[in-house]
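Structure first, commentary second.
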Amino acid sequence: MDRVGHHGTNPFWKDIVADAHEALAIDVSSIHADVFQECVSVVERVRDTKASGSVVVYGEPGSGKTHLLARIKAELETRHLGDARRMAKVVYIRLTTTPQRFWRHVRERMVEDLLRPCEGHPCIDWLLAIHAGEPDQDRVWTERWLAMWLRQPHPDEKGIDEFLSPIAGDGDIHTVLRQWMLGRHVSDARARLRGDSLPQAALDRLGVAAEDMGDADDAEHLARKAVQTLCKIVRRIPFVFCFDQLESLESGTGGGSAFDAYGRVGSDLYDSVSNAAILSCIQSSYLPQIQTRMRAAYRDRIAQGRSELRPLDAEQARELIRARLASAPEAKAKDLLPRMERAITPLLRKGEGYPRRLLAECARLYEQEVHGSPPAPRRSREQYIAEQVTRRGEEALARDLRDEADAILATGLSDLVRIAAPDAPADPGAKAPDVDFAFERGGRKVSISLCNHKNMTSLAARLRRLQKAATGGTLSADGLLLLRHPHLPISNKAKQTKEYLSALTLAGARMSHPSAEALALLAVMRDILSEARAGDLDQEGETVTPDSVEAWFRGNCPRALTDLVEDLFAPAAGPDPMEDLRQDLLEWLDERKMAPIEEAAKATSRPIEQVEQCILASPRQFGRLQGPPPVVYLSVPESQAWIAGET
């Protein structure tokens, strides 16, 4: 994102790489060339030896870890796209996850990268085309195969099955890739590959069974198998797994054990496939964690090499400044290079010549010399964080978070409770199967189960296990809270699901629906904290610490998040008489989005007055327009007033 000065775009703020998927508008190849070459060499050894390899890249905050990964992607994937001899598939994974969800997170990120457009085609299509050819085929041949495949008026279904069998066996991945290659039910296929919960109708279209009927261990096992299968799409093409922000694992839920859990996943990946190059990026200060908090057997696999991103020397700094100035025509009449070199000399002498610090110093000088602007009044740290929360919150609300609800809650809820409710410590010893969190507040224990399944059979299976645990005495139903996205309906046809839910609520359990605003803000808080822990959150060149972020949320926690925390610890109030009608309305409105209330009453076989009462009692699910005629619609969060106006 460009940072703009008083009178125009500043070349020292723009084109800062925040994500390895970004194209490199400005890249100085001599900077960290040794580390880049070490990483490329690991990938080439994997290609040549057909055995997995690894390297750990470490450096100070702002040393350019993410920029390096973007350069690796540009070299190995973008530059050699479609060339079976030289291409590698880069999978970029920020570790915004928990140890309990590692494999599911890897799977989601891997599939997103495989389906990302690459010069007109999803990347997975290029890989399938390479698999169809010879080991030494070039891009020209690959493009011809792609064109021939896409032009087929009547796809050869038997031929596709024979084509897929060697790489995907005869399991679900084979079936879903078959639908993908036939161009059928593409959105369902994408969701299934990611591991998303799908309604039964979508599973029937794809021809597969529900995947999410087991507990968390089963879900992790299935995700692991999917990743391994996808790596075999083209065995001769290395898959480069770039794990970024390892520091974010040190959260309230992870701690030291999270590094060992990461080591286990990386080691498993290393052993189970022959074409994985594992690149792990971490701050220098966290490097000892790999040594002290990870088993030696894991280190031997994921840390075969170590490469440091060192401060820039004077010549590298000069090349960086020249490249930035060359991208700004308005700077050509100014002789800025000597002045900027003098300005950054103190940083170089102190060994602090990291790209982020150098760019920030040059940006301030550029504003003064080119735009004639005095140094702008510095925003406070609180203002900066508030701006980040507001901007990112708007972006999060623009997404449909139903498929992300489980991951957002799983990775953000512990930090939120620790920050906003310090009197409610986590109680990990009280966790039972299918219980994702356990807290205690004021002597009352609360067990939380995430129930964001779209598939009703899968949801019924989870509720059945919870009921069995409650009946068997290993779980107290009185303290059980079921969390579900407010716009995920429970189908009227899901009789067993409703029976189990009714039995649990009669025994004292509660179903709660966090607002869309709360889920969006929780995702924002998680991401900002993760970046701060990784040293990647900076305010004009200065690293923003996790303590600063936590202090801001502690003193300015948006209303939507405080409401969520209060919901977690609210006392049980017995079964909600509106819940059945609420779910029927949600299911009926799911495709319509809005409709006259009179039609809603007829569709749900309820009196208009009862439907009106349910709408008014369910602001997280519905909104109402006066009319005439009166209309009900799926609720839409308001603009940024719900963020900035509540802080």
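The values are calculated or read from the model by the stated rules, or taken from the named source; none is laboratory data. Keep in mind it's a predicted model, so treat the numbers as computed, not measured. Every residue, glycine among them, receives a Cβ derived from its backbone with ideal geometry; neighbour counts consider all protein chains shown. All accessible areas refer to the heavy atoms of the entire protein, side chains included, with ligands and DNA or RNA removed. Shrake-Rupley method; radii C 1.70, N 1.55, O 1.52, S 1.80 Å.
HN-Hα J couplings of segment 360-368 from phi, Karplus 6.51/-1.76/1.60, θ = phi - 60°, integer Hz, Gly and Pro as x?
5, 5, 5, 4, 5, 5, 4, 4, 5
Run through the DSSP bridge list for the chain and note the antiparallel percent, rounded to the nearest 5.
Approximately 40 percent, going by the DSSP bridge assignments.
Could you name the aspartates and glutamates whose alpha carbon sits less than 13 Å from that of Lys334, not counting residues in the same chain fewer than 8 places away?
Glu367, Glu369
Under the rule of at least 5 residues apart or a separate chain, name every residue whose amide H is placed under 5 Å from the amide H of Ala210.
Amide H to amide H, under 5 Å and 5 or more residues apart or across chains, Ala210 pairs with nothing.
Give the average over all directions of the projected area of the C-alpha convex hull of segment 176-228, one decimal, in nm². Before the final figure, lay out each step's value.
Values: hull surface 14.1 nm².
Seen from a random direction, the Cα hull of segment 176-228 projects 3.5 nm² on average.
Using the Kirkwood formula over every pair of different C-alpha atoms, what hydrodynamic radius in Å results for segment 413-471?
Values: mean 1/r = 0.0795 Å⁻¹.
Mean inverse Cα-Cα distance, inverted, gives 12.6 Å.
Expected output is a single nm value to one decimal: the length gained when fully extending between Val140 and Ala398, i.e. 0.36 nm times separation in residues minus the C-alpha distance. What is it? Write down the numbers at each step before the final one.
Values: separation 258, 0.36 × 258 = 92.88 nm, distance 3.93 nm.
Roughly 89.0 nm would be gained on extension.
Could you name the lysines in cross-link range of Lys350, using Cα to Cα under 22 Å and dropping any fewer than eight places away on the same chain?
Lys65
What's the local net charge at Gly82, with K and R +1, D and E -1, over the other residues with C-beta under 9 Å away?
Taking every other residue near Gly82 into account, the sum is -3.
Could you state the number of Å between the C-alpha centres of segment 606-631 and segment 484-554?
Segment 484-554 and segment 606-631 have Cα centres spaced 26 Å from each other.
Take the alpha carbon gyration tensor of segment 432-573, find the square roots of its eigenvalues, order them as a ≥ b ≥ c, and report rounded if a/c is under 1.5; if not, report prolate when a/b exceeds b/c, else oblate.
The shape class here is prolate.
Using 1/(1 + (r/R0)^6) with R0 = 35 angstrom and r between the beta carbons of Thr545 and Glu341, what's the FRET efficiency to the nearest 0.05?
Calculated value: 0.70.
At Asp567 and Arg79, where each label point lies 7 Å from the Cα along Cα→Cβ, what is the point-to-point distance in nanometres?
4.9 nm
Which FRET efficiency value, to the nearest 0.05, do you get for Asp48 and Glu609 by plugging their Cβ-Cβ distance into 1/(1 + (r/R0)^6) with R0 = 56 Å?
0.15
Classify segment 26-113 as rounded, prolate or oblate from the Cα gyration tensor: take a ≥ b ≥ c as the square roots of its eigenvalues, call it rounded if a/c is under 1.5, otherwise prolate when a/b beats b/c and oblate if not.
Oblate is the answer for segment 26-113, as a/c is 1.5 or above yet b/c matches or exceeds a/b.
Under 1.5 on a/c is rounded, so check that first for segment 238-297, then, if it is not, pick prolate when a/b is larger than b/c and oblate when it is not; a ≥ b ≥ c are the square roots of the alpha carbon gyration tensor eigenvalues.
In terms of gyration-tensor shape, prolate.
Under the Karplus relation 6.51 cos²θ - 1.76 cosθ + 1.60, θ = phi - 60°, what is the ordered set of whole-Hz ³J(HN,Hα) values for segment 570-587, x standing for Gly and Pro?
5, x, 5, 10, x, x, 7, x, 8, 5, 4, 5, 4, 5, 5, 5, 4, 5
Need one value: the accessible area of Ser512 in square angstrom, 1.4 angstrom probe, rounded to the nearest 10.
Looks like 10 Å² after rounding.
What whole-number value in Å² describes the accessible area per residue of the chain for a 1.4 Å probe?
42 Å²
Using a Förster distance of 60 Å, how high is the FRET efficiency between Ser41 and Met594, based on the Cβ-Cβ distance and rounded to 0.05? Show your work: numbers first, answer last.
On the way: r = 58 Å, r/R0 = 0.96.
After rounding to 0.05, the efficiency reads 0.55.
How long is the gain from Leu182 to Asp204 if the chain were fully straight, where each residue apart is worth 0.36 nm and the alpha carbon distance is subtracted?
Numbers: separation 22, 0.36 × 22 = 7.92 nm, distance 1.62 nm.
Contour length minus the Cα-Cα distance gives 6.3 nm.
Averaged over all directions, how much area does the convex hull of the C-alpha atoms of segment 492-605 cover when projected, in nm²?
Result: a mean projected hull area of 10.9 nm².
Could you list which residues have their amide H under 5 Å from that of Leu480, counting only those 5 or more apart in sequence or on another chain, with H placed in the peptide plane?
For Leu480, the qualifying residues are Ser447, Arg510.
HN-Hα J couplings of segment 110-127 from phi, Karplus 6.51/-1.76/1.60, θ = phi - 60°, integer Hz, Gly and Pro as x?
5, 5, 4, 5, 5, 9, 5, x, 9, 6, x, 9, x, 4, 4, 5, 4, 5
Rounded to the nearest 10 Å², what accessible area does Arg299 have for a 1.4 Å probe in the complete protein model?
Probe radius 1.4 Å; accessible area of Arg299 about 40 Å².
Show me 438-445, 416-423 ranked by packing, highest mean number of other Cβ atoms within 10 Å first.
Ranking, from highest mean packing down: 416-423, 438-445.
222 nm [θ] for the chain, helices only, -39500 (n - 2.57) per DSSP H run of 4+, per residue, to 500? Could you put the intermediate results ahead of the total?
Values: 26 runs with 323 residues, N = 647.
After summing the helix terms and dividing by residue count, I get -15500 deg cm²/dmol.
Please list, short to long, the whole-number percent of alpha-carbon pairs of the chain in consecutive 20 angstrom bins beginning at zero.
17, 47, 32, 4
Where does the charge balance sit around Leu115 when Lys and Arg score +1, Asp and Glu -1, over other residues with C-beta under 10 Å from its C-beta?
Result for the local shell: 0.
Could you estimate the translational diffusion coefficient of segment 271-367 from the Stokes-Einstein equation, with Rh from the Kirkwood formula over C-alpha pairs, at 37 °C and 0.692 mPa s, in whole µm²/s?
The diffusion coefficient I find is 199 µm²/s.
Excluding same-chain residues fewer than 8 positions from Lys593, which lysines have a Cα within less than 30 Å of its Cα?
Lys454, Lys493, Lys495, Lys498, Lys602
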